[in-house]
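Heads up, the thing below is written out as structure tokens.
What follows is calculated from the coordinates using simple rules that are stated; it is not laboratory data. Here the structure is a predicted model, which is why all the values come from computation and not from measurement. Neighbour counts run over all protein chains shown; Cβ positions are idealised from the backbone, glycine included.
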Amino acid sequence: MRMSAFPDLAAYFLEMEKLVEAQPDSVVAEIARGAYAMSPRPRVRHGATQGELFAALRRPVGVTDSGAQADWMFVIEPEIRSLETFSRLAPDLAGWRRSTTGWPDLDATPVSLIPDWVAEVLSPGTESFDRGPKKDAYGQMGVGWLWLLDPDKRTVETFSNVRSKMIAGPVFGASGHISAPPFESLSILVGSLFPDG
């Protein structure tokens with residue numbers, strides 16, 4: 001019987017997923033293009049920034065006063081799974097646009113419908129993973145846009161997907177306003193996303 005020189009990457013990924021599912025709630029476990037990473041739950045500053053961004057986007061584009069359904073749906077820390085890229089990620093915030101990808105199944109975990117946009121709030125323990133394997137995985141998965149928020153530097157970096165790679169766009173400082181795809185019609189004060197404490 002002839003043995004293949006190449007590993008069964010799909011089987012390897014499925015084994016890694018068992019590790020992800022076995023972790024306690026106090027741990028964030030993810031797989032990015034076959035690379036497994038584990039980190040503790042982030043500090044409160046991280047969660048406050050996450051909440052401020054959610055509120056800043058949901059008000060103008062995620063809800064409507066008329067009762068009609070909004071175009072955007074935002075979800076905090078959904079699990080996104082892509083067998084094609086051997087990735088299972090939990091972005092800090094993800095957005096799906098009804099008019100492009102549609103909305104995910106609200107009862108599915110993990111979600112297989114790739115978001116249009118994701119945001120990550122950087123922390124000392126996760127920054128290298130977020131900027132490296134995770135960013136690359138988002139590009140290959142087909143996420144359209146990525147924002148990286150840095151609570152310590154009080155900046156927002158923006159990236160756009162060009163041929164499955166996340167290409168850096170404008171960086172916005174605390175005194176500026178974000179106006180970047182896919183929310184270029186908005187003008188969000190960057191400093192308002194980073195609560196003082």
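Table for the structure above
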quantity	calculated
Debye intensity ratio in log₁₀ form over the Cα atoms of segment 9-193, taken at each q of 0.13, 0.16, 0.17, 0.20 Å⁻¹	-0.65, -1.00, -1.13, -1.55
Within the chain: Cβ-based charge dipole about Cα centre, in debye rounded to nearest 20 (Lys, Arg +1; Asp, Glu -1)	380 debye
Å³ per residue enclosed by the Cα convex hull of segment 90-192	109 Å³
Spatial separation of Cα centroids for segment 12-64 and segment 160-197, in angstrom	20 Å
Under 15 Å, Cβ to Cβ, from GLY139 - net charge with Lys/Arg +1 and Asp/Glu -1	0
Local electrostatic count at LEU19 - Lys and Arg +1, Asp and Glu -1, tallied over other residues with Cβ under 12 Å	-2
Kirkwood-based shape ratio for segment 35-105, expressed as Rg/Rh from alpha carbons	1.03
Tilt relative to the chain, helix 44-57 - C-alpha long axis, 0 to 90 degrees, to 10	70 degrees
Qualifying trypsin sites (Lys or Arg not before Pro) in segment 134-197, DSSP loop, other Cβ atoms within 10 Å at most 10	ARG163
GNM flexibility winner over the chain from GLN50, GLN69, GLN140 (Cα, springs under 10 Å)	GLN69
Net charge of neighbours whose Cβ lies under 12 Å from the Cβ of GLU127, counting Lys and Arg as +1 and Asp and Glu as -1	-1
